[in-house]
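K.L.:
Take a look at this one; I'll ask things after.
Where a number appears in this text, it was derived from the coordinates with a stated rule and is not lab data. In this text, all values refer to a predicted model and were calculated from it rather than measured experimentally. No Cβ is skipped: glycine too gets one built from the backbone with ideal geometry, and neighbour counts run over all protein chains shown.
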Amino acid sequence: MSSGEDYSINTGVIRRFGTVDYVLFVLTLLVSAGIGIFYAIWDRKRNTTNDFLLGGKNMSVFPVAMSLCVTFMSALTLLGNPAEIYNYNTMFWYLVVAFIFGVSAAAFLFIPFFYELQITSTFEYLEMRFSKPVRILGSCLLVLQMLLYMAFLLYAPSLALNAVTGLNLWGSVVGMGVVVTFYTTLGGMKAVLWTDTFQAGVIFAGLLAVVIQGSIVQGGFGNAWAIADNRSRIVFDDFSFDPKTRHSAWSMVVGGMCFWAYLYGINQAQVQRCLSCPSVKKARMALFVNLPGLIVIVCLACMIGVVMFAFYADCHPIKFGLISKTDQLVPLFVMDILGHLDGLPGIFVSCVVSGSLSSLSSGLNALSAVTFRDWIQGCNCCVNISEFRSTIVNKLLVAGYGVLAIGLAWVVSQLGAVLQAVYVVFGVLNGPVLGVMTLGMFFPWANKWGAFTGTLASLVFLLWVGMGAFVNEIKTPVTYTVTTACNWTARPTPAPPTTTPSLFNTTVAEGDDTQGMLEPLYRMSYMWYTGLGMVIVWGVGLIVSAITGFIKPTTVDPRLILPVFDKLFPYLPEKVLKPLRFGIVHEGKYNLPPSKSVNLSVHAGSNSSVGSGNSVNEKQPYDVTNGHVKPKFELGDDASSKDVKIEMQNGQMNKAYENDDVEKNGVLKTRL
């Protein structure tokens, strides 16, 4: 047990990694790589893009839920969230409420919508609804966002750990980059999901170790809470409507809901995980199983922030000269309270590394899908190649993006203060993409000109605000800190200035006194960026659509419009819901009474095995959730798949459909 006298604030010396810690770090990388090798061997005969990108659409709930949980709970979160509590207050804890609303929106609105369209890239929807240029614009924003994010995931935690633990900076960057590229390339979606599951366990173990030992050192979590409360860190009653308030209840819940609804309902990485489930029901289950994990991770991170503040309440490590950046606080705290216990610092570092690996693998998988579907096949290249070759192309894309991410990590290391600007860019790209997607889903009269213009307008505005805040050095003042208990006789030589700023957009500097009319805009909380970006797309998009000519809702494919009021308020009377559909006749469960049977006629040549009058009723299996009837049939010898037509009648409709995705001796899928 540490005596307390060997803490860094008493000795002026930071503990370093031991042999066991390095072994655990390397072991985390090896196990992750091993899972990739296992699935490369296990699935060696399944060489389809569906298997590589979507796991054959047959993944079970648990690994999908764990992957959803840790994909955006990255190392930036694990190191940054406690620092938020340390520097400011516990208002950040309100994020768990945003999780509930954001995940629910994804589960009941967006995921069923994309699942029914049976697409691989979410941006395929933009071409179906608007045009190819809108699709390409959206996919470009995602690729830019994910590449910058992955470069950060490699560089930022490695830099913070290097400064405190002595872990080699570029050894960590290259090691993580090579391993994650290796197992994602070999194993595809299945390897990603199961490595994420392993890494989720490591993340929980690392966070628990720090919370438990930190509480023990403070004489219990209650004592730590009391110290933080006495120093104005325990705050839950900030209900300010001022958008400049960094973390108010409204910015965290409303702004956070928009942010997390985008991440779970629109972002390619998360949607792709949900689409790997065999049904919408399973995808929804995965989302809700993931929710407690999200809440636990954020709560543990916030608890670390509380005990960390209590530990350094009377000796601020940055003012004391032990460290120079806020993002180094958590590694320093870990080395102080766990450094005397062989292996426990290694567990926490493995936790941070796992946070990076899980996000990196998800990003690589998503970039491969988007690039292949939107850029390569979207431009009519590789359309008719075999499944085997398509899979090879996707694997090459993963490998290429992995190498590019490592290269970008080196680039951002040379940019100095621009690192913070890159982080801002990642934040502001959410709004335009969420906006254009929901513009298409919610507003049937919006056209392609409005979608394209609105997206650009939102992007330009948010970049202006974000970069304006960065250039003008707009900073949120940190709640006061003291150094009265520091052992100044052991004060180390002050660390030399570095060109790298805090990687989590926090600072110990006082607020900037920049004057000017635009200052209030630049001071807007980053939590509002996503919601504001969405609203700008809606406003500009609808105005431009009105100028260039609204689309008649009756001419829009009903599958491309989300019946949001039917989804959210299904028990409202029909006379209320009907005008809220804006003239769209939504097929499927929205106008198929559960008590009615479906009379099905198949016309596919004279020798078809399914003839007129065959019925598909409630007791026969068909996918009600996705609005498909799946009768078995055989095409006649004189028919081709293009000839298949079905007619259905349930007392409310009698329509004919063509289906161009029919195989002989296969299953006919057609919308109700």
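K.L.:
Can you compute 3J(HN,Hα) from phi for each residue in segment 92-106, using the Karplus curve 6.51 cos²θ - 1.76 cosθ + 1.60 with θ = phi - 60°, rounded to whole Hz and x for Gly and Pro?
P.N.:
Karplus values, whole Hz, x for Gly and Pro: 4, 4, 4, 4, 5, 5, 4, 4, 4, 5, x, 5, 5, 4, 5.
K.L.:
So what are the ³J(HN,Hα) numbers for segment 246-254, from phi and the Karplus equation (6.51, -1.76, 1.60; θ = phi - 60°), rounded to whole Hz, Gly and Pro as x?
P.N.:
For segment 246-254, the Karplus curve yields 4, 9, 9, 4, 6, 5, 6, 7, 6 Hz.
K.L.:
From the phi of every residue in segment 68-79, what ³J(HN,Hα) in whole Hz does the Karplus formula 6.51 cos²θ - 1.76 cosθ + 1.60 yield, where θ is phi - 60° and glycine or proline is x?
P.N.:
Result, ordered by residue: 4, 5, 9, 4, 10, 8, 7, 4, 4, 5, 5, 8 Hz.
K.L.:
Further question: For a quick check: sort Cys486, Cys258 by the number of other beta carbons within 10 angstrom, fewest at the front.
P.N.:
On the way: Cys486 21, Cys258 27.
By the 10 Å Cβ count, ascending, the order reads Cys486, Cys258.
K.L.:
Work through the residues other than Val134 whose Cβ is under 10 Å from its Cβ and net out their charges, Lys, Arg +1 and Asp, Glu -1.
P.N.:
Once all neighbours under 10 Å are counted, the net charge is +3.
K.L.:
Take the Cα gyration tensor of segment 273-318, multiply each eigenvalue by 5, square-root it, and list the three semi-axes largest first, rounded to whole angstrom.
P.N.:
39, 9, 4
K.L.:
Expressed as a whole number of Å, what is the distance separating the alpha-carbon centroids of segment 1-54 and segment 59-126?
P.N.:
23 Å
K.L.:
Label segment 53-111 by shape, choosing from rounded, prolate and oblate, from the square roots a ≥ b ≥ c of the eigenvalues of the Cα gyration tensor; if a/c is under 1.5 it is rounded, and otherwise prolate applies when a/b is larger than b/c, oblate when it is not. Intermediate values should be presented prior to the final figure.
P.N.:
Details: a/c = 3.84, a/b = 1.82, b/c = 2.11.
Since a/c reaches 1.5 but b/c is at least a/b, the shape of segment 53-111 is classed as oblate.
K.L.:
Further question: How big is the gap, in Å, between the Cα center of segment 328-383 and the Cα center of segment 157-194?
P.N.:
7 Å
K.L.:
Would you please give the FRET efficiency between Met517 and Ala546, computed as 1/(1 + (r/R0)^6) with r the Cβ-Cβ distance and R0 = 35 Å, to the nearest 0.05?
P.N.:
0.70
K.L.:
Please list, in chain and number order, the residues 5+ apart from Asn447 or on another chain whose amide H is under 5 Å from its amide H, with Hs placed from the backbone.
P.N.:
Under 5 Å from the amide H of Asn447: Ser545, Ile551.
K.L.:
Also, quick follow-up: How far apart, in nm, are the 7 Å Cα→Cβ label points at Ala226 and Val535?
P.N.:
Each label point lies 7 Å from its Cα, and together they span 4.4 nm.
K.L.:
Same structure again: Would you mind checking which residues have amide H under 5 Å from Ile119's amide H? H placed 1.01 Å from N; only 5 or more apart, or other chain.
P.N.:
none
K.L.:
By average Cβ neighbour count within 10 Å, what is the ranking of 161-169, 266-274, 540-548 from highest down?
P.N.:
266-274, 161-169, 540-548
K.L.:
Let me ask something else about it. What distance in nm lies between label points placed 7 Å from Cα along the C-beta direction at Arg389 and Asp342?
P.N.:
Roughly 5.7 nm, to one decimal.
K.L.:
In nm, to one decimal, how far is the modelled label at Thr48 from the one at Leu577, with both set 7 Å along Cα→Cβ?
P.N.:
Placing both labels 7 Å along Cα→Cβ, they lie 3.5 nm apart.
K.L.:
Right, next: When Phe110, Phe470, Phe348, Phe565 are ordered from fewest to most other Cβ atoms inside 10 Å of their Cβ, what list results?
P.N.:
Phe565, Phe470, Phe110, Phe348
K.L.:
Under a Cβ-Cβ cut-off of 9 Å, what is the net charge of the residues other than Arg15 that fall near it, where Lys and Arg count +1 and Asp and Glu count -1?
P.N.:
Every neighbour counted, the sum reads -1.
K.L.:
Let me ask something additional. What pairs from Lys132/Lys281; Lys57/Lys190; Lys448/Lys552; Lys190/Lys395 go past 20 Å between their alpha carbons?
P.N.:
With Cα atoms farther than 20 Å apart: Lys132/Lys281.
K.L.:
Now, a different point. For Asn168 and His586, calculate 0.36 nm times their separation in residues minus their Cα-Cα distance, and state this gained length in nm to one decimal.
P.N.:
144.7 nm
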